[in-house]
1. Counting other beta carbons within 10 Å of each Cβ, put C:256, A:161 in order, fewest first.
2. Kindly identify segment A:109-254 as rounded, prolate or oblate by the Cα gyration tensor criterion: order the square roots of the eigenvalues as a ≥ b ≥ c, call it rounded if a/c is under 1.5, otherwise compare a/b with b/c, prolate if a/b is larger, else oblate.
3. Just the number, please: percent antiparallel of the DSSP beta bridges in segment C:87-281, rounded to the nearest 5.
4. Within 10 Å of each residue's Cβ, count the other Cβ atoms and sort C:99, B:180 from fewest upward.
5. Considering just Cα atoms, how many Å³ per residue does the convex hull of the protein assembly as shown enclose?
6. Give the separation of the Cα centroids, segment B:223-240 to segment A:1-72, in Å.
7. Which residue of chain D is nearest the rotation axis onto chain C, counting by its Cβ, and what is the distance in whole Å?
8. What angle, in degrees between 0 and 90 and rounded to the nearest 10, separates the Cα long axis of helix B:245-268 from the longest principal axis of the Cα atoms of chain B?
C-alpha cells in the first residue's frame, strides 16, 4: 500500500460490548480520515459484534497501528484492505464452463475485483476459455490414486501465488478435510441446488423426481462437511412439469453463475463475515 | 347443471397414444360446442397424457355422454365441471390466522372460486374471523385420546356437506393415513418451508440455524407420507442475518398465504392434475 | 416517554462532513447507552449525510438534550423516538378493500407498528372491515363541490388525533396541493403501477394495451405533483397474454397490498429518510 | 428438410371460429403423425386465434400440403419448421459486450437454437469476442452521413446469408423506418429499462433521478416507433439508494443479457406470435 490518500475497508468481529462503534469512528478521526460507509450487526444468539467500515484516509499506517491496538482491547478478528484491490484468486473447474465463462467476463469487464492467477481444471475442456481471457490454465487430473498429489499441487500454487481465494466453479471433486481446514473461509463453492434441499450428487434429477416448482443454487464457503458450509448467497428460478432434467439443468446454470458471481463479488469486497455456520453480509 | 349455453372445463389423463387431441376436439364439435382454451402434456417418464379443455357448449349432457364413451376407449381418468362453479370447501385451522383471513377475503372478493362450508378449528382463536366472513366455525379440539373421533367429525362434515376440498390453513395436526387415503388429491396443505428443505416441525428455526438466504413455503396435496405429497406451488422471500426466527416467521407468513391461495385457486379451476408424485399445472 | 431503560431510534440528515458518526456514537456513550444498530449513507449527488441509530439507554432526556446540541452544530434534521411506538395513523379508502383489509390484519397481528385512529372513506363500502377490526369508520363523501370541506374534516381529524401518518389505501381522490404541502412526508400512497410507467388513471388498462410482461405497484410519499412523489417501495408480478384487464387487476392487488404494507412498516420503523425526490431506506 | 420421421412445429394465427383445433389435429393424424405439444389462445379483444403445435411425423410434405389447404380455408398466417433448426441470425453490437458474450456462449453451449452468421459492429471493440466464438465480425461504422449505405450493407448481408433474425445486442443506433418495415417481426432489441418507463437515452440515469427501487430490461420487436414495439420479455432487479448510475448500469447488464437471451430463445423456438402490438407467448 502506498501512503497518500487511500480508501480502506476495515472489517472486524469481536464479543459485543458498548463503545466499539465510538472507538472505531474515533480511530478514523485520529488518523485524519473520514468514514465513507459503516455498517454493524450484533448477533443476539452468539453475542458477537460485526462491523464493516470504509474510510478515506491520508495514510494507511496510522490506521493500521491504531486498529492493532484496538484489536487487543476488544479481542477483535479484523482485516484491513484497500478498497478495490483485487483478491489473488484461483478458479477450479471440471467440464461445465458456464460459471467460468461468466466470472472471467466479469473480471475483464471490471465488474468483479479479483485477479485470477490461474484456472485449474481436472479436465482439459475449458482451457480455451481461460486462454481467451489470458489466464493460465493448469491441468491437474484427479484420480482415485493421485488425490493427495493433486491437492498438493493446488497448495503449492496457493503458496507460490499467495492465493487469497479459491473459487470452485462447478469443480466436481470433493476436497480433503485437510485442504478445507487450511483454506477455511477462503474457498467458495457453487452447489447446484437450493441447500439444504438436494445435497450431494445429481440435484436436478432429485428436484425433478420431487416435482418442485422452483430450482435453486447456493454459493457457500467450503468446510469439511460437504454442502454444509456457511451460505453466502442463494437464488431460485421457476420450473414446471414440462421441463426434463436436462432442461432444468440448463435453466439452473443461469442461476448458478449469477449466484456464484454475486457471492464472489461480496467476498472480494469484504462484505461477508463468518458468524459460526452463518454469514453476516453487509450489502 | 342447467342445459342452455354452458361453459365447461374437461380435464383428463390417460396412457399416451396418437389421436387423443383429435378425438376430444371432435367431441366438442359434435356436441355443437367451441373450444375456448386447450392445453396438453405428455410425460415421457410415465407415458401418461394430460389434457385440460375449456369449451362453450349449448348443453351439458351431449358432452358428458361423449366423454364417457371416449373415456372407455382411452382408459381415461376425467372430470367435467362448469367453469367457475365454486368447490364445496372446508378450511382447517389452529391458532395462526394469516392464511384463513387471506383465503376468506379472496372468496368474498370473488377472487377464489370456493364455497367455504365451514372453518374447523382445533382451537377457538380464529372463530371471529370466520364469523366476520359469515362462515360457520366448528370447534373440534384434538387431543392424544380423541383423534379418531375428531377425524370422524370431519368425515361426517365432508359427507353431510358433500365437501370436495379440504384446505389445511396452518392446521397443526397430522391427519391419519386413513383420512389421507380417503380424501386423496382433495386435501391441500401449506408447509412453512421450501420443501424438501426443513420438513417437520419448526422450519423457520431450522432455516435460521442453517443460515439460508431465502425462506419459502410449499402448498402440496396431503398424502400419508408427511410433507412428501405432490407439490402444487412454492415461492420464496429473501432474508438476511439480521432477522430473528420470529421475524422470519412473520415474513414467511406473507409467502405462506400467497402460495396457499394460489394453489387453492389453481385446484378449484381444475388446473392441477396428479402425475404420480408430481403435478401437472395448466396455467 | 418514561425514563427507565429505553430503546430509542434516532434518524438524522445533514450536510456531510467528517466526524458525524463519532459525534453520534459519543453522544450515546455519554448518555450511558449502547448502540444496537447503526447505518449511514452519504449521497455524493446532494452532499447530504443520512444516519439511523438504534440504542439502548437508561433514560431519554439526556439523549435528547445532547442530540439537540449536536443538531445545532451539524445543522441536522432529526427525529428521536421509542422503538416500536405505534404511529398515530389514519387510513383513507374508497371502495376496494384489499389494502385496508391487509393493513388492519397486520396491525392486529402485531406485524405493523401503527395505531389506526380511524378509517376515512368517501364511500361507505368498507365500513364493515373497519368495524370488524374495531377501528372507527368515518364517511366523508367527496364531490366536486365539497372538496375543501372534506379536506378540512381530514385536517381536523389529523389535529384532534395528533395523526402522524395518513395512508391512502386505494383512495381514489386527488388531494389538494395545500394538504399535500401541510402533510409533506407524512402521506403514503399506493399507485397501482410500476411508476413512472402508467401514471394517472386506469394503469392496468394501459398495461394491457402496451402488452407488458410484468405489472407492478409503487408506494410513494404524496406531493403536489401527482404520482411523482419520492418512491418508498415497488414490486412486480408476472403476467401473460391470457390475462384480461380485470384479471390483471386482481393479480395486481396482491402486489399493491404487499408493497403498501412494506412501505408503511419501514416508515413506521423510521427507516425511510427523504433525500430530495428520492428516499434513503435503512433496512 | 429430409423426409423420414421429423419433428415439426406449426404456428398459426387466424380469425377465431369453431373447428380450428379439430381441423389441425385431424391434419396431423391424416399425415400419420402424432401431436407432441399443443397450445392455443383466442384473443377476445382482436378476435384472433393463435396456435402452436409440435408433432412427430413420418414426412414433411404431406403436412405442408395439408396446412396450405387449411390456411386457405381459415385465412391463416402460418409457419412450419423443423424443431430445433437454428435460425440464421445476425447480431448487431456497439461497444458493450455483455449481451454478445452471453448469446455466443449459449449458442456454443447448445442452449440457444440460432446459427450466428455474423456479428456486425459499428465499433471494432467486440471483434475479439466474435472471433473467439468463431463467428465472422463485420465492422460497419455508422456516421451521420453514411447511414443509408450502412443499412444497405446490412440488407445485403441479410439477403446473402438468408438471415431470418437480427438481434440488436446493445446496438446504439436507430434503424431506419424502411429497414424496420422490411424486417418486421424479425428484429429483436434489448432496451435497458422496464418499458414504457424511461424510453430513449440514458435510462439508468433517468431511473436514478426518479429514485426507483427496481430497474429492468425489455426485449421487444423493433418497429418504426422507437421503444414502442411488441414486448417479448421483461425482468427487473432490485436497487437501492446506495447505487450510483454506473453501479445501476452494471447491475442492469445482468438483467439485460438474461432477458435478451430468453426472448431470442422463445423466438427461435417459434413460441412468440404477434397480436397487434402485443405478443402471445406459448411457453
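1. Working: C:256 27, A:161 15.
Ordered by Cβ neighbours within 10 Å, fewest first: A:161, C:256.
2. Details: a/c = 1.83, a/b = 1.59, b/c = 1.15.
Here segment A:109-254 falls in the prolate category.
3. Details: 15 of 32 bridges.
Of the beta bridges lying entirely in segment C:87-281, close to 45 percent run antiparallel.
4. Working: C:99 27, B:180 18.
Ordered from fewest to most neighbouring Cβ atoms within 10 Å, C:99, B:180 come out as B:180, C:99.
5. Values: hull volume 228.0 nm³, N = 1132.
Enclosed volume per residue, from the Cα hull, is 201 Å³.
6. Computed from Cα coordinates, the inter-centre distance equals 43 Å.
7. D:197, 2
8. Between helix and principal axis, roughly 20 degrees.
Bear in mind that the values in this text are calculations on the coordinates, not laboratory data. Bear in mind that the values here come from a model prediction, so they are computed numbers and not experimental data. Every residue, glycine among them, receives a Cβ derived from its backbone with ideal geometry; neighbour counts consider all protein chains shown.
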